[in-house]
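Some notes on the structure that comes next.
What follows draws every value from the coordinates through simple rules; no lab data is involved. Since this is a predicted model, take the numbers as computed values, not measurements. In this analysis, Cβ positions are derived from the backbone assuming ideal geometry, glycine residues included, and neighbour counts consider all displayed protein chains.
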């Protein structure tokens, strides 16, 4: 019997409470907590499936690209809870996000839950009461085309990564990965660094004059810049190319320092007039930026708030799930009628009706591959809540991002800022002056401009930031020129010659990289945060401030991909994949046809399988090398990059010299001159500080892989050559075969010495002591006394009078500390290790463990208990960062939030979300191998016993006849002679004889087969 309630499944636990409150008692709202299943790792496939085509990717590429999905261990409890709730439901509403990912989650829920009640798809773009109730009444069916597009993308990424990443592991380094979007993003960053490497700076000069309409201190002055000399335009930064030369089509004069200073001196002469030759004015107008899309939100949050892309998306997700903004994954800058009305009404109320245009502003997306199913990101509801009204409920980063979204949305529906820009041209020099461009008496023309904004419009609410562009003129700022007329004489207050150098293209920031990816149509804005995180975590790029600096290993990866997988990292090809996925999502293309073409190939292009099968031989050394000049090569090795240069005068086969590259040196800074400087720098050698007077051992200062340190080295033992030779001879004798002759029968037995078992490694009793230098110490100046104090650590401070436990001071992984049994206390500096005395240590132990920072082990405590568990809520610092706990449930605080921002309500929310997710699945323990049942020993047959016994005895050759006995005796004599010669050679070596005697091992000679008795058996 079906139940009486409708079951609603959303993605996030945070949405559950709000949506349940809006829907009322007839509904039960639960969360899937994201995806409930995914492609299984191939290694975890059932044994019978690993041998087929499925075993490589968990996708059966030869049978319709059928994926093998599995419910993860972490989601089994979630699935059980959903199935249990479904038994009591009369209808299932799948309310996951309305995008490919959300549609796929809904499809997976259907596949796993197998509902026997009616199923409807419920979608909404904001979590408000009106939006939720409207979505409940306007359901639709599942969009299988969207599911196909998402599944195609997932299969594509699995095949791409699993085919190409192993090539990177073998030829570049372990732990690397390739992906269709991350590889293109890495290539963009590397290409920009290559531009910077190839860039040649160009110098140029200009003149800046300070002019005024009248003389006097109170005169309104303005700055004018030299723009022409002798009728020729003066070159600026944008006129030079990357090679440091003027661009071919540019006609301009370059001022050098000498010409600029000479011209400055000439223009400072009292008789040189400055005359206004032209005054012009034109209208100024600036329009507001469109409301935020996912991409522009990431860009602007990076510029204005210094957020990373991941941080922006995390905070936006929180704002959306708590009902403050609309859905945060969208390519559309458009607003619906409700939002247009809300923004216009609020702008009129806050900034005046005159700031709102007569008709609403309509925006359309300009990006390639735009998906405009949603509105732009905006404040939720039909009336926007102002940031001021949310000051008590939104804190920290949540408030900052909401404020940014609110301002942008309201400003987008306001009027343009208007005004006027006045420009003036001033001539300096006598009429009829020489026209030669670099002549000091040539006519010099200066230009100045000023913008006056008479109506600020949208600028009352918001102004968009811009990315830094190289050698670009700065935007006109609001400034004012004095009233000027043509023919008016001006007074020169000061003039200055300024030198400039052109700069290379700026490195990508997260904001500019997101912008470039969107322009090229690579990836989706919703994936940009994870892309940037991936290339950072893989070590391809390192953030330096706001800039993304590629590491040398990224150069190797990009080079390999470009040379052997050229099509796959082409920007246009990668963007075309997004077009293809869009066509699948729209039902215009077939999933199977597209995957078949991509993997196996078609008439248009080679498939990935063909590329992999025909890679040929990849020279890893070449891939991981960069030629700096004719003598210096950079190698990217297992432990990082280094320079390799041949040693002058060394033999041709001598190993080259290697010089490590400082980790802080960016690739574009490694010029040929810098490489030569690193090679010619003095080689760091171990420095002997002195001798420990107590042990007689040398104390040496070294610079190691993990930093500078001191060590105590015992002098090398002096070995007597004669003793060493005797020892070697004894070992050689022991290795010779042993011969035994039976005196009665003449039987000869030759036994090889038994191989001694390998000696077990025993830790040296006197292992050299080492100690890292403190951060305040210098490797070149450390003295013997300080080194001995370091080597003596940990230092015994004293004995605690209460517990009789010894207190020691020492340095650890997380800094200096005191130790008393298992109880520790942090010290404030490394110097305290030597300075702190017993009273100071006892006083420190008398304080709470975390000192004056807090009175308990918690970073923060709340007075009110958790409403669900009734226990006290605290914020603590754990191994993986700060977390909220009530003593039973632990919830990690997101990286986007700080401890100071977490209030009681947010702490309760985090704990509630964690409870909804359920406990983490325990790690599967490896089953102990079953012991085989002891088998009953079978009774040995007499023949088997004889065979075993014979095998245990040394090899004995029996000679039954007299002739055979004579032959045996003859051969035994020869063997004895050879053995005697070997012994003499060994003894000669032991006595210091310089002649080397090669002791040959007696070779066994095959004896003639003897006639065997008929009854004998072997």
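Can you give me the Cα centroid spacing of segment 323-363 and segment 40-55 in angstrom?
Comparing the Cα centres of segment 323-363 and segment 40-55, I get a distance of 53 Å.
Under the rule a/c < 1.5 gives rounded, and otherwise a/b versus b/c splits prolate from oblate, where does segment 456-615 land using the Cα gyration tensor? Walk me through the numbers before you get to the answer.
Numbers: a/c = 3.01, a/b = 2.17, b/c = 1.39.
Since a/c reaches 1.5 and a/b is larger than b/c, the shape of segment 456-615 is classed as prolate.
Give me the number: length gained by fully extending residue 620 to residue 500, i.e. 0.36 nm times residue separation minus the C-alpha to C-alpha distance, one decimal in nm. Don't skip to the answer; put the middle values down first.
On the way: separation 120, 0.36 × 120 = 43.20 nm, distance 4.27 nm.
38.9 nm is the gain from fully extending residue 620 to residue 500.
Rounded, prolate or oblate: which fits segment 198-291, taking a ≥ b ≥ c as square roots of the Cα gyration tensor eigenvalues, rounded meaning a/c under 1.5, else prolate when a/b beats b/c?
oblate
Could you calculate the contour length gain from residue 872 to residue 258, that is, 0.36 nm times the residue separation minus the distance between their Cα atoms, to one decimal place in nm? Don't jump to the answer; show the numbers that get you there.
Working: separation 614, 0.36 × 614 = 221.04 nm, distance 7.55 nm.
Extra length from residue 872 to residue 258 when fully extended: 213.5 nm.
Quick one: which of 807-814, 222-229 comes out on top by average Cβ neighbours within 10 Å, and what's the full order, highest first?
Per-residue mean Cβ counts within 10 Å order the peptides as 222-229, 807-814.
Within segment 5-152, what percent of beta bridges assigned by DSSP are antiparallel, to the nearest 5?
Looking only at bridges with both residues in segment 5-152, the antiparallel portion is about 30 percent.
For an R0 of 22 angstrom, estimate the FRET efficiency from the Cβ-Cβ distance between residue 76 and residue 111 and round to the nearest 0.05.
0.90
For segment 294-415, rounded, prolate or oblate, judged on the Cα gyration tensor with a ≥ b ≥ c (square roots of eigenvalues), a/c < 1.5 rounded, else prolate if a/b > b/c?
It comes out oblate by the Cα gyration axes.
Quick one: if the Förster radius is 60 Å, what FRET efficiency do residue 129 and residue 280 give, using the C-beta to C-beta distance and rounding to 0.05?
0.60
Roughly speaking, what is the stretch gain from residue 530 to residue 799, that is 0.36 nm per residue apart minus the C-alpha to C-alpha distance, in nm to one decimal?
91.5 nm
Can you tell me the FRET efficiency between residue 600 and residue 660 if r is taken as the Cβ-Cβ distance and R0 is 56 Å, rounded to the nearest 0.05?
0.75
Taking the Cα centre of each part, how many Å lie between segment 122-154 and segment 553-588?
29
Please sort 522-534, 669-681 by packing, taking for each peptide the average over its residues of neighbouring beta carbons within 10 angstrom, highest first.
In decreasing order of mean packing, 522-534, 669-681 become 522-534, 669-681.
Going highest first, how would you order 304-317, 345-358, 613-626 by mean Cβ packing within 10 Å?
Peptide ranking by packing, descending: 304-317, 345-358, 613-626.
Just to be sure I understand the model, the point goes 7 Å from the Cα along the line to the Cβ. What's the resulting residue 337 to residue 778 distance in nm?
7.6
Using the basic label-point model (7 angstrom from Cα toward the beta carbon), what is the residue 423 to residue 904 distance in nanometres?
Reported label-point gap for residue 423 and residue 904 is 6.3 nm.
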